[in-house]
Amino acid sequence: MRNKINILIITSILALVALSGIQAYLINNTYQLKKDVFIKETKKSVSSIDNTKEMDSLTEMWYNKLTENLVKYKKRKLLKKETIEQFGLHRDSLNKVFQEYYKKEIKKANLGYDLKYKKTIKSVVIFENGNPIDTVFAANEGENYFLFGEDFPEEEGNVISKGRWFTEHDYEDDKEGELLKTKLDLEIRTQDSINIIGWQRIVLKQMTSLFVCSVLLFLFVVGLLFYSIKTLIGQKKIADVRTDFINNITHELKTPLATLGIASKSLRNKETQNSPEAFSNALDILDRQNGRLQKLIDQVMHNTLGSEEITLKKEKVIDEEYFKEIIEDFKLSVQGQDVIVSSKIEFHEVYLDIDKFLFTTALFNIMDNSVKYGKGNVEIVLRTKLKDDLYEISIHDNGVGIPEVEHRKVFEKFYRVTDGNVHDVKGLGLGLFYTNQIVKAHSGRIDLESRPDLGTTFTITLPIAEAE
Ligand code: ATP
Ligand code: MG
């Protein structure tokens with residue numbers, strides 16, 4: 001059963017982990033999808049920027065400047081590096097116009113969020129007779145020639161369009177003193193990209209309801225699982241306790257029943273019938289065993305009561321007198337056994353408002369345990385103390401002790417510590433449960449301090465009654 005529960009717990013946890021994995025995968029997919037849709041929509045909204053008259057004239061201007069410098073390069077008046085640098089100077093002044101223009105256009109698009117727009121040149125290659133002969137500029141991976149807009153790192157942007165055009169430009173070249181009409185064939189590649197500021201936040205915001213639902217559903221499933229497992233363990237505990245109880249009570253009933261059988265058999269015996277002494281002895285045994293069975297049944301009946309159901313017949317007792325009486329009675333009940341009972345009762349003359357019969361049962365249950373779970377010579381010390389308006393009664397023994405993990409459980413109904421050889425001692429696991437119920441019914445509390453082999457101390461705290 002324990003194994004089955006463990007397997008169930010492990011399988012459930014694994015299923016939960018797998019489910020969370022799938023959930024995370026699906027959320028990630030949705031995120032990617034939403035991101036793509038969002039970027040696509042933004043691209044659509046800003047695509048018009050490139051198709052306006054203003055843009056056409058700007059393009060013409062930078063193209064003219066570029067070819068002007070390339071002609072100088074062809075005429076060997078500029079080096080490659082210088083060509084790019086020279087073009088750069090014009091680019092800076094044109095960019096101011098471009099920036100103003102695109103910002104105005106983006107404002108018109110009314111997107112509701114900010115974005116950066118940039119145009120870059122990917123490559124400029126000179127052709128001759130349809131073949132590339134000189135690469136003036138070529139972007140290495142991840143780097144471009146920034147043309148217009150606001151610059152941002154390549155990896156932070158999204159490409160919205162790529163352009164590739166071939167152009168022909170006529171110019172006059174001075175060759176050996178003669179001016180010749182020459183053609184400049186060019187291939188220019190450009191790229192437009194945008195960088196949407198805070199796009200992650202925007203996409204995540206769109207997914208808020210999905211996130212909230214997922215988390216709530218996940219918590220619900222975890223809660224449900226936790227509750228089911230807890231109930232299952234609880235049920236198993238109850239089943240165990242029932243089995244233990246049945247075993248214990250069968251064990252407890254066996255001895256008196258067997259003795260009753262022997263006694264009644266001996267009563268049929270002629271010899272016993274003829275000896276008045278043996279006859280009365282057998283009857284005594286019958287009586288004693290009958291009493292024992294009655295006590296056992298009473299114990300079970302009483303112990304099914306909770307603290308609210310216990311009706312107290314309270315009376316006011318003076319502490320010292322009451323506890324002295326208890327010690328005397330208990331000493332009498334353990335006469336002939338290796339038990340030393342001592343007490344340290346402070347003289348307070350305090351009144352306690354208790355049901356004498358029930359409270360005595362509670363204290364006797366504790367002291368009975370001290371004898372039952374003692375080792376060697378049993379020593380029991382009963383102490384009383386006054387702490388403000390609370391009365392403290394502690395019962396200490398030098399017995400086998402109770403491991404820390406069992407401290408709370410020993411007060412549960414039918415619970416018995418299964419460690420060591422404690423189970424050689426008979427019991428129903430009801431004594432401390434009943435004691436606890438009685439103490440609670442008196443508005444008190446019971447605590448326990450114990451460690452294996454170092455003995456046990458039970459402490460009962462009670463409110464004191466006002467003096468009469
Ligand atoms: P019952 O009292 O119903 O005849 P029980 O003594 O087994 O049976 P409780 O008195 O409720 O039941 O005690 C519960 C368990 O706590 C015991 O089985 C025992 O293992 C442990 N226990 C209680 N008192 C002591 C003690 N003084 N020293 C060591 N173990 C103790
Ligand atoms: Mg007991």
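List of remarks:
- The C-alpha atoms of the chain define a longest principal axis, and helix 319-333 lies at about 70 degrees to it.
- Between region 16-37 and region 342-403, the C-alpha centres lie 64 angstrom from each other.
- Multiplying the residue separation of Leu111 and Val212 by 0.36 nm and subtracting their alpha-carbon distance yields 33.7 nm.
- Cα long-axis angle, helix 80-109 against the chain (0 to 90 degrees, to the nearest 10): 60 degrees
- Here, region 208-302 is characterised by an Rg to Rh ratio of 1.56, where Rg is the alpha-carbon radius of gyration and Rh the Kirkwood radius.
- Heavy-atom accessible area order for Leu386, Leu267, Leu58, Leu219, largest first, 1.4 Å probe: Leu219, Leu386, Leu267, Leu58
- The residues of the chain expose on average 62 square angstrom of accessible surface per residue, using a 1.4 Å probe on protein heavy atoms.
- If R0 is 45 Å, the Cβ-Cβ spacing of Ile7 and Leu332 corresponds to a FRET efficiency of close to 0.25.
- Distance from region 230-281 to region 45-73 (C-alpha centre basis), Å: 109 Å
- Against the criterion of solvent-accessible heavy-atom surface with a 1.4 angstrom probe, Arg76, Arg383 sort, most first, into Arg76, Arg383.
- The label-point distance for Glu466 and Asp388, in a model that sets each label 7 Å from Cα toward Cβ, rounds to 1.9 nm.
- A crude spin-label estimate for the pair Lys426 and Asp134, with each label 7 Å from Cα along the Cβ direction, gives 11.6 nm.
- In the context of the full protein assembly, Glu105 retains an accessible surface of approximately 20 Å², using a probe radius of 1.4 Å and ignoring ligands and nucleic acids.
- Between Leu26 and Arg408, the simple spin-label model (points 7 angstrom out along Cα→Cβ) gives 3.7 nm.
- Highest to lowest packing among 30-36, 446-452, scored as the average C-beta count within 10 Å: 446-452, 30-36
- Label zone (Ser228, point 7 Å along Cα-to-C-beta; backbone nitrogen cut-off 12 Å) within region 5-34: 8-16.
- Set Lys387/Lys413; Lys43/Lys104; Lys344/Lys440; Lys35/Lys103; Lys75/Lys96; Lys81/Lys181 screened for pairs whose C-alpha atoms are more than 19 Å apart: Lys387/Lys413; Lys344/Lys440; Lys35/Lys103; Lys75/Lys96; Lys81/Lys181
- Inter-part distance where region 189-216 and region 135-182 are each reduced to a Cα centre, Å: 34 Å
- Fully extended contour minus Cα-Cα distance, from Ile39 to Thr255, at 0.36 nm per residue: 69.2 nm
- For Ser228, the accessible area of its heavy atoms, probed at 1.4 Å with every protein chain present, is near 60 square angstrom.
- Solvent-accessible surface of protein heavy atoms, probed at 1.4 angstrom with all chains present, puts Tyr73, Tyr171 in the order Tyr73, Tyr171, largest first.
- Helix-only mean residue ellipticity at 222 nm for the chain, each DSSP H run of n ≥ 4 adding -39500 (n - 2.57), per residue, nearest 500: -18000 deg cm²/dmol
- Axis of helix 356-372 versus longest Cα principal axis of the chain: the two differ by about 80°, to the nearest ten degrees.
- Accessible surface of the chain, 1.4 Å probe: 54 percent of it comes from carbon and sulfur atoms.
The values are calculated or read from the model by the stated rules, or taken from the named source; none is laboratory data. None of these values were measured; they are calculated from a predicted model. Virtual Cβ from ideal backbone geometry, glycine too; neighbours counted across all protein chains shown. Accessible surface is based on the protein model in full, side chains and every heavy atom, while ligands, DNA and RNA are left aside. Shrake-Rupley method; radii C 1.70, N 1.55, O 1.52, S 1.80 Å.
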